[in-house]
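Undergrad: Below you will find the structure I want to go over with you.
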Amino acid sequence: MELYQSIIFILIGIAICFFGYRIKRLGFFIIWFLLGYNIMLYLMPTINTWIPQIAGSGLYQTLLPIAGGILLGLLGFSIEKFCVGGIAFLLTMVIAIQYFGTAPQVLIIAAIIGALLAGLAVSLIKPAIIVSTALAGAYGITVGLISLASFDKTVVFFPLLLVIAALGAIFQFTKNPGQD
C-alpha cells in the first residue's frame, strides 16, 4: 500500500471509528467505499491477467479500485437496514480473509458467522451501527498503521483492531446516549 493510501485509510478510519453514528449516511458511504476499494485491490491481479493492456497503466491501477469503492459506496445511500446487515456480513468476510486466508472452509465459516451477525445487526440497529462503524473505522486505521509501520500483521492485526474498535465504540456510545 502506498504512503498516501495508508494515511487516507487512517484519517477516514478515525472519522468512521469515532463519529460513525453521527455521520451514518456519510459513514455508510465511506465504509462501503473502503470495502469496495479493498475488494478491487484484491481483484486487481486477476483483472490484470484478464485485461493485460491495463496491467502496465498506473492510471488504471489507481482508478479501478477507486471506481469499485465508489460503486459500493453508493450502496451506503440506500436502505439503512441493508447497509447495516451488509456491513456486518462484509466486515466478517474481509477480516476472516485478511487474517485466515481464502481457503473454502474459512469462507464458509466466515459467511455463516457473517450472516448471523448481519441478522443480529438488523434487529439491534443503533448499537449495530455504532459497533459496525467503530469496527470498520478500526479496520481502516489498523490496515493503515500496519502498512505504515510495517508491523507483522499476524501478531498485531487482531489486538490492534479490537483495541481501536473498543475505543471507538465506547466513544460513540458515550456521545450518542438514548434512542433516536
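The values are calculated or read from the model by the stated rules, or taken from the named source; none is laboratory data. A quick note: this is a predicted structure, and the numbers were derived from the prediction, not measured. Cβ atoms come from the backbone with ideal geometry, glycine included; neighbour counts cover every protein chain shown. Side chains are part of the model used for accessible areas, which takes the heavy atoms of the whole protein and leaves out ligands, DNA and RNA. Shrake-Rupley method; radii C 1.70, N 1.55, O 1.52, S 1.80 Å.
Undergrad: For the chain, what is the accessible area per residue in Å² when the probe is 1.4 Å?
TA: Here the per-residue accessible area is 53 Å².
Undergrad: Rounded to the nearest whole Å³, what is the per residue volume of the convex hull around the Cα atoms of the stretch 1-57?
TA: Spread over its residues, the Cα hull of the stretch 1-57 gives 85 Å³ apiece.
Undergrad: Right, another one. Just how far, in whole angstrom, is the stretch 151-165 from the stretch 63-102 if you go by their alpha carbon centroids?
TA: Comparing the Cα centres of the stretch 63-102 and the stretch 151-165, I get a distance of 20 Å.
Undergrad: Magnitude of the Cβ-charge dipole of the chain, K/R +1 and D/E -1, about the Cα centre, nearest 20 debye?
TA: For this selection, approximately 360 debye.
Undergrad: Sticking with this one: Out of every Cα pair in the stretch 90-180, what percent are spaced more than 24 Å from each other?
TA: Considering the stretch 90-180, 26 percent of its Cα-Cα pairs are separated by more than 24 Å.
Undergrad: Determine the share of the chain's accessible area contributed by carbon and sulfur atoms, expressed in whole percent, with a 1.4 angstrom probe.
TA: 77
Undergrad: State, in angstrom, two size descriptors of the stretch 49-93 derived from its alpha carbons: Rg to one decimal place and Dmax to the nearest whole number.
TA: For the stretch 49-93, the Cα radius of gyration and maximum Cα-Cα distance read 14.5, 40 Å.
Undergrad: For the stretch 92-136, would you read off the P(r) tail past 17 Å as a percentage of all alpha carbon pairs?
TA: Of the Cα pairs, 37 percent sit more than 17 Å apart.
Undergrad: How far, in degrees from 0 to 90, does helix 80-100 lean away from the longest principal axis of the Cα atoms of the chain, to the nearest 10?
TA: Relative to the chain, helix 80-100 is tipped by roughly 60 degrees.
Undergrad: Follow-up question, since we're still on this one. Quick one, can you get me the convex hull of the C-alpha atoms of the stretch 126-168 expressed as volume per residue in Å³?
TA: Measuring per residue, one finds 50 Å³ for the Cα hull of the stretch 126-168.
Undergrad: Quick one: helix 153-175 against the long Cα principal axis of the chain, what's the angle to the nearest 10°, folded into 0 to 90?
TA: Computed tilt is about 40 degrees.
Undergrad: Report Rg/Rh for the stretch 1-144, rounded to two decimals, where Rg is the Cα radius of gyration and Rh the Kirkwood radius.
TA: Reported Rg/Rh, Kirkwood definition of Rh: 0.98.
Undergrad: If you only keep lysine pairs separated by 8 or more in sequence, or across chains, how many in the chain come under 15 Å at the Cα atoms?
TA: Lysine pair count for the chain: 5.
Undergrad: Follow-up question, since we're still on this one. Go through the stretch 98-161 and name the chymotrypsin sites (Phe, Trp or Tyr not before Pro) that are in a DSSP coil and have 14 or fewer other Cβ atoms within 10 Å of their Cβ.
TA: Loop-located and lightly packed - PHE151.
Undergrad: Could you tell me which residue out of GLN61, LEU107, GLY168 lies farthest along the dipole of the chain toward its positive end? Charges go on the beta carbon: Lys and Arg +1, Asp and Glu -1, centred on the Cα centre.
TA: So the residue furthest toward the plus end is GLY168.
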